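A.B. asks: Take a look at the following structure, please.
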Amino acid sequence: MATTALDRDAHLFHLAAQRAGIHMPILPALQEAHDQPTPEGERGLGLTSADQEQVDSLPDQLMEAALLVRRLTDSLIQSGWKADRIWQVSAGQYSPEVLAVLARGFEDKTTGGPILAGCSLDQLTAAYRQFCTLERATQIAPANTALTGSTFTIDRALLDTIERLPQFYQGYVHQREALLEATRIWRGLATREDTLVSLGLPALNYTDAALDTALVTFIQRLSPNYSGFPHQREALLRLVQIWRQLDSRQSAIASLSDSNLSLLPRNYDPALLAFVLRVPEFYVGSGTQRNAATETVRMWRDLDNRNAALTSLGVNPIVFANPAAPEASTAAAQLDRELLSFLRRLPAAYRATPNQQGALTRLVQLWRGLETQQAAIGSLETDLRTMQWQVMILKQNTVLKSQPVQASALPRNEVAAMPAGELSLIDSIEQGTHYRILTVEPIRDRREWFVYRGHADFLEPATMLVKTSTFLKTRPLQASSLGNAEKVALSPGEFQIRSYEDVGDHLRIRLVKPINNRLEWFIFEGHITLLNVDDYPSPRDPQPAPAPVPVPVPAPAPVPRPTPVPAPAPVPDRGRRIQVPGLGTVWTRDPIIAGGNFSWGEATKDGTRIPENSTITQNIIAMARRMQEVRARLGNRTITITSWYRPPAVNRAVGGARNSTHIRGYGVDFVVAGLSPRAAQRILDPWWPGGLGYGSSFTHLDNRGYRARWNYTN
């Protein structure tokens, strides 16, 4: 059998099968049976479409083919086929009758989308059986060997799990996503919004409590309605995979022998600390806020009651017995000062003990007005998924210090040596000659440190220039159609943003500083200008003039030559020798990182663009590491760099943005072998945390430290 794209792009096959709720081996089998090239030269799956862009690349064909297989099996069910006619329980694969229908081709006339062409039934059957055998060979063995190889026992274990699941549901984000995805696959829906509507909920304005009730009610109905159809089995396996936070379908099957469903959420300390850092900024001394902070003091200090908490703050609780008394107002002001002082000290004092975690989780619950601690944990899980870390660049080897003084004046256990490179932060504040920082991960059991400002820099956030009076909006609609609670008037000025994304004629932005207690808003794109971003039509590097064509010269008559003496093996050509700041001598064909696929010649335009300083050198090295991850994400395909580092003069000459990431060494334009820019963008978009832009002939990627997406005008 010829090599298939499954050998190289297995994640694309699995992703398409998961989305549609089908048996994955049918996709490489269709590819093998059809063996037709896509418009981009890859091995396709036999799809054609009036809109050729729908099927012009392998990722596109996989997604559309998976949907067609699902629609075909749905149509068979609707026409009266039973589960055992569609699925062979003993073999764990589609039946010969289903393969025969697929081999005749399929068109879903209700959608008018792509058409699956017919193919040889013998070739399809042979390929499908071979890929099923391969799948079984790579399956993880479950701890309970009774689950091995039997669809019936897997179904029984799945139903046992689903029947017990509601009692363990606590509203964690990963639990909610597991139930939502299972509902979507079970019902054959395309999007999250469609799934919400199918549950009787609006696509936007719904509460988590209402969603949880609808999801649990739906899941409770699955067991009595389970008929063993393939899409039902795939929906439940996907539920188990997401619920238990596993990396594959095979891992989900193997986990069915474990009856424990009370999986605790992952460590959420960064979200807790980010929340606590914001509390003093929004504290106004309301009764709810004062009560939440006082309860935090009580739990943090392990005190018996509220009065003990007030006393520990130096406030006499008896004063509050008569709120109308003159001294009550003075005591309230004193209490607010003490509470703010206490809250500001928490990040530095936090050591992640159960007592401290419980106190801060209670603060989140009371501050946000949530009914249960589980709901508070669920909100923190949401925070974790949406948090935008600051990225500090340590320009040279330095030390982190417990106080903003000379390192030599501190004990050894209060300093931490740090190499040059990047450091992810929850927060940072300038304090004299130092930055006071709060790190995402603890360093020597603490997160709060000081670092000398001269040794550090930051990836700059983008700046949004508001050109005219406008509105920030909770939805991308006309301001006149929104209620007062859904919009905020905004005057002209500059605002820093962490990320932005096109949504029709609006941008979805995430601010550095909240407005009306919100960081994420929509704004009409015509009222703003974005600064410090690479959303320009990508400049083309100047091409050298073509070499003159030489005048033909008659070849001389051949002269016999003696047989040459064998030469020693040639020394590998390392290209040109160049001097790179902060690194010294390198050669243009040397990999930037050991064993990597990207060379100094690619980053420096064959040695003609030398970094201006060691900071840029470190940025190039850091970006080379990320590009290795990008290459792996794209199936280890060959990536051709078209532009990487540009000195300011070159950037101006080619029409680059004033603050282009290319100038700093962490912006890269490239082409991927066998993938269109649009296909590359579809794969990278959900994963890449920085800037991602694409045009008709290239993809741009940068490590700017905040999410940004755009299409180049062509």
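A.B. asks: Check whether at least one residue in region 241-257 is over 19 Å from residue 84 (Cβ atoms), among the aromatic types (Phe, Trp, Tyr) and surrounded by 18 or more Cβ atoms within 10 Å (Cβ to Cβ), and report yes or no. Break it down stepwise before answering.
C.D. replies: Filtering region 241-257 down to residues over 19 Å from residue 84 (Cβ atoms) leaves 241-257.
Pick out the ones that are also among the aromatic types (Phe, Trp, Tyr) and you get 243.
From what is left, the residues that are surrounded by 18 or more Cβ atoms within 10 Å (Cβ to Cβ) are 243.
Yes; the residues of region 241-257 include at least one that is over 19 Å from residue 84 (Cβ atoms), among the aromatic types (Phe, Trp, Tyr) and surrounded by 18 or more Cβ atoms within 10 Å (Cβ to Cβ).
A.B. asks: Would you please list the contacts, defined by Cβ atoms under 8 Å and residues six or more apart or on different chains, that run from a residue in region 344-360 that is at positive phi to a residue that is assigned to a helix (DSSP H, G or I)?
C.D. replies: So the pair list comes out as 352/269.
A.B. asks: Another question about this same structure. Out of everything in region 123-137 that is touching a helix residue (DSSP H, G or I) at 6+ places or on another chain (Cβ under 9 Å) and among the hydroxyl-bearing types (Ser, Thr, Tyr), what residue ends up being nearest to residue 97 (Cα to Cα)?
C.D. replies: Of the residues in region 123-137, the ones touching a helix residue (DSSP H, G or I) at 6+ places or on another chain (Cβ under 9 Å) are 123-132, 134-135.
Narrowing the set further to residues that are among the hydroxyl-bearing types (Ser, Thr, Tyr) leaves 125, 128.
Numbers: 125: 11, 128: 13 Å.
Per the criteria, the residue is 125.
A.B. asks: OK, next. Might you let me know whether region 185-194 holds any residue that is in contact (Cβ under 8 Å) with a residue 60 or more places away in the chain and more than 24 Å from the chain's Cα centre (by Cα)?
C.D. replies: Yes, region 185-194 contains at least one residue that is in contact (Cβ under 8 Å) with a residue 60 or more places away in the chain and more than 24 Å from the chain's Cα centre (by Cα).
A.B. asks: In region 184-204, how many are within 25 Å of residue 372 (Cα to Cα) and not in a loop (DSSP other than H, G, I, E, B)?
C.D. replies: Final tally of qualifying residues: 1.
A.B. asks: Taking residue 76, is it crowded, with 20+ Cβ neighbours inside 10 Å and either assigned to a helix (DSSP H, G or I) or outside the structural domain of residue 634 (by TED's automatic domain parsing) (or both)?
C.D. replies: Taking the combined requirement at face value, the residue does not satisfy it.
A.B. asks: Take residue 161 and tell me if it is surrounded by 19 or more Cβ atoms within 10 Å (Cβ to Cβ) and either in a loop (DSSP other than H, G, I, E, B) or over 26 Å from the mean Cα position of the chain (by Cα) (or both).
C.D. replies: In short, yes.
A.B. asks: Taking the conditions exactly as written (in contact with a strand residue (DSSP E or B) (Cβ under 8 Å, 6 or more places away or on another chain) and more than 30 Å from residue 530 (Cα to Cα)), does residue 412 satisfy them or not?
C.D. replies: no
A.B. asks: Can you tell me which of 682, 631, 678, 626 is modelled with pLDDT of 90 or more, within 19 Å of residue 13 (Cα to Cα) and part of a helix (DSSP H, G or I)? Steps first, answer last, please.
C.D. replies: Working: 682 fails: modelled with pLDDT of 90 or more; 678 fails: modelled with pLDDT of 90 or more; 626 fails: within 19 Å of residue 13 (Cα to Cα).
Going through 682, 631, 678, 626 in turn, just one is modelled with pLDDT of 90 or more, within 19 Å of residue 13 (Cα to Cα) and part of a helix (DSSP H, G or I): 631.
A.B. asks: Another question, then. Looking only at strands (runs of 3 or more DSSP E) that fall completely inside region 365-463, which ones have 1 or more residues that are at pLDDT below 80? Explain how you work it out, then say what you get.
C.D. replies: Working: elements: 390-394, 398-401, 415-418, 421-431, 434-443, 446-452, 456-458.
Passing ranges, in order: 390-394, 421-431, 434-443, 456-458.
A.B. asks: How many of the residues making up region 698-714 are at pLDDT below 80 and either of a type outside the set (D, E, K, R) or within 12 Å of the chain's Cα centre (by Cα) (or both)? Before you say what the answer is, go through the steps one by one.
C.D. replies: To start, the set of residues in region 698-714 that are at pLDDT below 80 comprises 704-708, 710-714.
Applying the additional criterion that residues be either of a type outside the set (D, E, K, R) or within 12 Å of the chain's Cα centre (by Cα) (or both) yields 705-708, 710-714.
Counting residues in region 698-714 that are at pLDDT below 80 and either of a type outside the set (D, E, K, R) or within 12 Å of the chain's Cα centre (by Cα) (or both) gives 9.
A.B. asks: Please specify each residue of region 300-316 satisfying the condition of being at pLDDT below 90 and either part of a helix (DSSP H, G or I) or surrounded by 14 or more Cβ atoms within 10 Å (Cβ to Cβ) (or both). Spell out how you get there, then give the answer.
C.D. replies: Initial filter on region 300-316 (at pLDDT below 90): 302-306.
Answer for region 300-316, where residues must be at pLDDT below 90 and either part of a helix (DSSP H, G or I) or surrounded by 14 or more Cβ atoms within 10 Å (Cβ to Cβ) (or both): 303, 306.
A.B. asks: Another question about this same structure. Can you confirm whether residue 345 is among the basic types (Lys, Arg) and under 30 Å from residue 414 (Cβ atoms)? Even if it seems obvious, please write down each step before you answer.
C.D. replies: Working: among the basic types (Lys, Arg): yes; under 30 Å from residue 414 (Cβ atoms): yes.
Spelling it out, residue 345 is indeed among the basic types (Lys, Arg) and under 30 Å from residue 414 (Cβ atoms).
A.B. asks: Please find, within region 84-93, the residue that is surrounded by the most Cβ atoms within 10 Å (Cβ to Cβ) out of those that are under 37 Å from the mean Cα position of the chain (by Cα) and among the small types (Gly, Ala, Ser).
C.D. replies: 92
A.B. asks: For residue 110, work out the one condition from (1) at pLDDT below 85; (2) in contact with an Asp or Glu (Cβ under 7 Å, 6 or more places away or on another chain) it doesn't fulfil.
C.D. replies: Single failed check for residue 110: (2).
A.B. asks: From (1) at pLDDT below 75; (2) assigned to a helix (DSSP H, G or I), pick out the condition that doesn't hold for residue 662.
C.D. replies: Every condition holds for residue 662 apart from (1).
A.B. asks: If you check 433, 463, 398, 372, which single one turns out to be surrounded by 15 or more Cβ atoms within 10 Å (Cβ to Cβ) and more than 20 Å from residue 496 (Cβ to Cβ)?
C.D. replies: Values: 433 fails: surrounded by 15 or more Cβ atoms within 10 Å (Cβ to Cβ); 463 fails: more than 20 Å from residue 496 (Cβ to Cβ); 372 fails: surrounded by 15 or more Cβ atoms within 10 Å (Cβ to Cβ).
Unique residue meeting the criteria: 398.
The values are calculated or read from the model by the stated rules, or taken from the named source; none is laboratory data. The shown structure was predicted, so the numbers you read here are calculated from the model rather than taken from an experiment. Glycine also receives a Cβ, built like all others from the backbone with ideal geometry; neighbour counts cover every protein chain displayed.
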